[in-house]
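Some notes on the structure that comes next.
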Amino acid sequence: MCGICGCGEGHTHSHEEDHSHDSLDHDHHNPIDGHQHAAQHTHAQGLSPARMVQIEQDILAKNNAYADENRRYLSQRGILALNLVSSPGSGKTSLLTETIKRLKEELSIAVIEGDQQTTRDAERIRATGVPALQINTGKGCHLDAHRVGHAFEHLALSDHSLLFIENVGNLVCPSAFDLGEAHKVVILSVTEGEDKPIKYPDMFHAADLMILNKTDLLPYLDFNSAECIAYAKRVNPKIKVLSLSAKTGEGMDNWLKWLKAELELQRIDYA
Ligand SMILES: Nc1nc2c(ncn2[C@@H]2O[C@H](COP(=O)(O)OP(=O)(O)O)[C@@H](O)[C@H]2O)c(=O)[nH]1
Ligand SMILES: [Mg+2]
């Protein structure tokens, strides 16, 4: 996973945070990261497999410690945090903007956006009237708990609120990194093929809910929803599944119901 693909460098040095901006930009604060990354990659090739495994374990252990801190902070305040994971383009941001439009009058909502570059998604969220913070991961292919913890401070989260964390789009690395969320929610769009749960089992195993998005496109595709759901349940028998279209709104009610029920559970834990 990440240690192998080289993005481990994102976790091995400290991040300076700029409190005056709405984005935390990895490359902005570390303009020479590209070179460091290349140098470390070359160096990593000389490491023994045992040493590589040790480094990966250290990175994950550190991340888990930050994630535990995040989870404690969130549960003390009755905040429901969801980590949205998927390949790029499955409709995470669309689902969020449509969800926010429907819930923002009754709930307090904030969003953390993860992408390698640009603040485009945070801008899409802010256009709905809800606060959003963009984290740019530069070369990194996933968010980590340390940076997400810092984002909490920037967003001034309300008690009993809903926090969406849109992870960097890919079905591999984000599965291994706990951010302190209550649930990972994996979004799979019907244009991606029904076999993705068995090709990327770690992600579907880590998620508690799978959303099958873009159901409005089903009439134009050969996508077999039942087969896809069976694959997801094969890797994770406990996974819940909701089918919807962020575009037409079909099926959105079940997702909103699920969110409200989860928020209620979080509040009960808090009380
Ligand atoms: N037909 C259809 N298109 C969708 C739906 N949801 C998202 N899209 C489109 O899919 C593309 C990627 O959406 P985006 O929200 O940026 O995905 P993200 O990369 O996962 O955040 C955009 O062109 C969206 O308009 C949907 O339910 N139906
Ligand atoms: Mg997006």
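Coordinate-derived values only; no laboratory data. The structure presented is a predicted model; accordingly, all values stated were derived computationally and were not measured. Here the Cβ is made from the backbone with ideal geometry for all residues, glycine too, and neighbour counts use every protein chain on show.
Quick rundown of the values:
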{"item": "Directionally averaged shadow of region 103-228, computed from the convex hull of its alpha-carbon atoms, nm²", "result": "9.0"}
{"item": "Built amide H within the under 5 Å cut-off of residue 243, gap 5+", "result": "212"}
{"item": "Surface/4 of the Cα convex hull for region 23-270, nm²", "result": "14.0"}
{"item": "Among 115-128, 75-88, 52-65, 152-165, the order from most to least packed when residues are scored by Cβ within 10 Å on average", "result": "75-88, 152-165, 115-128, 52-65"}
{"item": "Proximal lysines to residue 104, defined as alpha-carbon separation beneath 22 angstrom and excluding residues fewer than eight positions away on the same chain", "result": "92, 184, 247, 257, 260"}
{"item": "Rounded Å value of the spacing that divides the Cα centres of region 204-247 and region 134-148", "result": "26"}
